[in-house]
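Here's the structure we're looking at; comments come further down.
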């Protein structure tokens, strides 16, 4: 598409050529000068628009911060290593204070699927932990961790207290099994490890086989491969704070 500047120049140039087959050089120069003067405002506007677009600041995708937020990670021996350590890194990088809460003191052993991994220090024993002291909860998965937690009444009550208060909760892989035992999944949009998706459906959840599913403060994912999407969403939801949907599912 021709710009207004080039159209004006063509019009003036055509007018000059119409004066004869061999117009004087002075006429041509005057015609071109007129075209330049006519085109100048349009060229200036086009350059200004281009410069504005080029210099427009990029959107800050890391604008969401968790400064001042306190996040509890509820875990026991047998948690999937990366499902605790990677979200914890992301939360801390966003400014959150992260506390590992466990039924036992000292440290808990991570696993890489079914092979032992590293120990992670326990910051607070579950017996002395109060859900009211935290802004959000994260439950990692693993082959053994969720079963250990769901058999512990205090762990189940601790998780449910976040729903009672409308606070955001995130669970990955087998982690949502703890929420089934807590009775807070009915009617909620969720996902989880493939093997437990049927358990979620049977408990009344609306299950989707997606990398991450968010439902009014509840964030769930399926497996370690989903961690990047999971991390992005937990930071977003934890930053938003309380959600009425969380309270309704706990009622």
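The values are calculated or read from the model by the stated rules, or taken from the named source; none is laboratory data. Not measured: the values here are computed from a predicted model. All Cβ positions, even for glycine, are placed from backbone atoms using ideal geometry, and neighbour counts span all protein chains on display.
Among the candidates 238, 230, the residue that is crowded, with 22+ Cβ neighbours inside 10 Å, touching a helix residue (DSSP H, G or I) at 6+ places or on another chain (Cβ under 8 Å) and closer than 23 Å to residue 112 by Cα is uniquely 230. Summed over segment 128-155, residues that are surrounded by fewer than 18 Cβ atoms within 10 Å (Cβ to Cβ) and within 20 Å of residue 190 (Cβ to Cβ) total 2.
State all residues of segment 105-126 that are surrounded by fewer than 14 Cβ atoms within 10 Å (Cβ to Cβ), at pLDDT 95 or above and in a loop (DSSP other than H, G, I, E, B); if no residue qualifies, say none. Matches in segment 105-126: 106 only.
Identification of helices (runs of 4 or more DSSP H) wholly contained in segment 147-251 with 3 or more residues that are closer than 20 Å to residue 130 by Cβ yields 153-164, 176-182, 244-250. Applying a threshold of 9 Å to beta carbon distances and a minimum spacing of six or more residues, or different chains, the list of pairs starting in segment 234-251 at a residue that is at positive phi and ending at one that is buried (at least 16 other Cβ atoms within 10 Å of the Cβ) reads 241/69; 241/135; 241/136; 241/166; 241/167; 241/168; 241/217. Residue 141 meets each of the listed conditions (1) part of a loop (DSSP other than H, G, I, E, B); (2) over 22 Å from the mean Cα position of the chain (by Cα) apart from (2). Checked against (1) closer than 20 Å to residue 235 by Cβ; (2) in contact with a helix residue (DSSP H, G or I) (Cβ under 9 Å, 6 or more places away or on another chain), residue 92 passes all but a single condition, namely (2).
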